[in-house]
Amino acid sequence: MSRRHGASGRRGFTLIEVSIALVILGLLVGLGAQLLPMLVKQKKLSDSRMLVKEAKTAIIGYVMATGRLPYASATTNGTVTTGRLSGYLPWATLGMAGRDPYNTTLFYAVESHLVNTTSTAQFKQRLALLISGATTADLFCVDTSVTPNATVPVAFVVISAGENMRADSPNDDNNNRRVDVNDDNRFAAPSRPITSTYDDVLESAGLPYLNGLIP
Ligand SMILES: [Ca+2]
Ligand SMILES: [Ca+2]
Ligand SMILES: [Ca+2]
């Protein structure tokens, strides 16, 4: 009797216990398999947002140092192409990384009246003229705070093409996947949510915002 009792105390797992354990393990593995790509996706998106914000900061630093905004780069090599108002971010000139986590070079477009000033004082004068409307601005973002199709003038935009690795409408208008000189001067709102047809990460610098930053 005591031997039997001892033997049952050291018994192995029953088939039911093993089955339950396997089911739980299966659920955990399944959950992990679902969760991991989601976490990777989320991480790449937050890294993109950080990189685009970093570019915005670097561009503002460039204004402080030179008294003007940089021209865009015509190629992915990221050096400024004089005269170029939209294209790639001049990342090499700015001294930063140029590719987003999806391996696409960041895009950039700039207001034409803010690229050829020679001092921050002159830069601020131009900003004031653009803000008052005395000078007609030529770069805009959609402003969702007003009405769906209203736009607000901005000094520049920086764009990551996002997971689909292409600039989406309205950032790309001629459907060649890039922001280039053949697109118009109207870009999406920075707050535009990600959908199946739009996954760009965009930062812009508003004119009054920039005016307030520059001493
Ligand atoms: Ca995109
Ligand atoms: Ca556009
Ligand atoms: Ca284009």
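The values are calculated or read from the model by the stated rules, or taken from the named source; none is laboratory data. Because the structure is predicted, anything quoted here is derived from the model rather than measured. Here the Cβ positions follow ideal geometry from the backbone for every residue, glycine too, while neighbour counts run over all protein chains shown.
Which of the residues that make up the range 74-107 are of a type in the set (Val, Ile, Thr), assigned to a loop (DSSP other than H, G, I, E, B) and either in contact (Cβ under 8 Å) with a residue 40 or more places away in the chain or within 15 Å of ASP180 (Cα to Cα) (or both)?
THR75, THR76, VAL80, THR81, THR82, THR104
Cβ-Cβ distance below 7 Å, separation of 6 or more or different chains: which pairs start in the range 175-191 with a residue that is free of Cβ contacts under 8 Å to residues at least 40 places away in the same chain and at positive phi and end on one that is part of a strand (DSSP E or B) and of a type outside the set (D, E, K, R)?
none
Can you pull out the residues in the range 199-215 that are under 14 Å from CYS141 (Cβ atoms) and either in contact with a Leu (Cβ under 7 Å, 6 or more places away or on another chain) or in a loop (DSSP other than H, G, I, E, B) (or both)?
Start the filter on the range 199-215 by keeping residues that are under 14 Å from CYS141 (Cβ atoms), which leaves 200-210.
Listed by number, the residues that qualify are ASP200, LEU207, LEU210.
Residue check: is ALA137 surrounded by 15 or more Cβ atoms within 10 Å (Cβ to Cβ), at pLDDT 95 or above, in contact with a His (Cβ under 8 Å, 6 or more places away or on another chain) and over 22 Å from ASN103 (Cα atoms)?
Taking the combined requirement at face value, the residue satisfies it.
Test of understanding: among ARG178, ARG186, which residue is at pLDDT 95 or above, within 23 Å of LEU129 (Cα to Cα) and more than 9 Å from ligand 1 (Cβ to nearest atom)? Reasoning before the result, please.
Working: ARG178 fails: within 23 Å of LEU129 (Cα to Cα).
Residue meeting the stated conditions: ARG186.
Do we find that SER160 is of a type outside the set (A, V, I, L, M), under 15 Å from the mean Cα position of the chain (by Cα) and near ligand 3 (Cβ under 10 Å from one of its atoms) in this structure?
Criteria not met by SER160.
Please tell me if ALA121 is among the hydrophobic types (A, V, I, L, M, F, W, C), farther than 20 Å from ALA55 by Cβ, surrounded by fewer than 17 Cβ atoms within 10 Å (Cβ to Cβ) and within 16 Å of ligand 2 (Cβ to nearest atom).
no
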